[in-house]
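We did not get these values from a lab; they are worked out from the coordinates using the rules stated. From a predicted model like this one, the values you see are computed outputs, not experimental measurements. Cβ atoms come from the backbone with ideal geometry, glycine included; neighbour counts cover every protein chain shown.
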Amino acid sequence: MELKKRKITQVYLLPDTAEERSGFADGLVSLAKQFNVQITAGSVHDEISYVEILEKELSEHISESGVEDIRQIYEHSMVE
């Protein structure tokens, strides 16, 4: 299975100190440059929790199976 777009989502729980957070972010940027990876988006918010709330709200309005249908359509569109 080959993805049409080579984008991934990762979520990190960052360290408590600003120094450690900065070092981690600098390391990611350095690693991205080393492997010719383009960082295309980012957020300082907990996007996964937002998606979980959205999924719950949608399931109340269009049913859980409707939400799963939407997810499968999306995932299928990402595969050649």
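Taking other residues whose beta carbon is less than 12 angstrom from the beta carbon of ASP26, and scoring Lys, Arg as +1 and Asp, Glu as -1, yields 0. Per-residue ellipticity at 222 nm computed for the chain from its helices equals -19500 deg cm²/dmol, with DSSP H segments shorter than 4 residues left out and the rest contributing -39,500 (n - 2.57). Per-residue extension of 0.36 nm, minus the Cα-Cα distance of GLU52 and ALA32, leaves a gain of 4.4 nm for this segment.
Suppose every K and R has +1 on its Cβ and every D and E has -1 on its Cβ; what is the size of the dipole of the chain about the Cα centre, in Debye to the nearest 20? Write out the running numbers ahead of the final one.
On the way: 8 positive and 16 negative charges, 114 e Å.
Using Cβ point charges on Lys, Arg, Asp and Glu, the chain gives about 540 debye.
With a simple spin-label model that places each label point 7 Å from the Cα along the Cα-to-Cβ direction, the separation between GLN10 and SER65 comes to 3.8 nm.
Could you tell me which label, among [x] 79; [y] 117; [z] 180, carries the value of volume of the Cα convex hull per residue in Å³ calculated for this structure? Label [y] holds the value from this structure.
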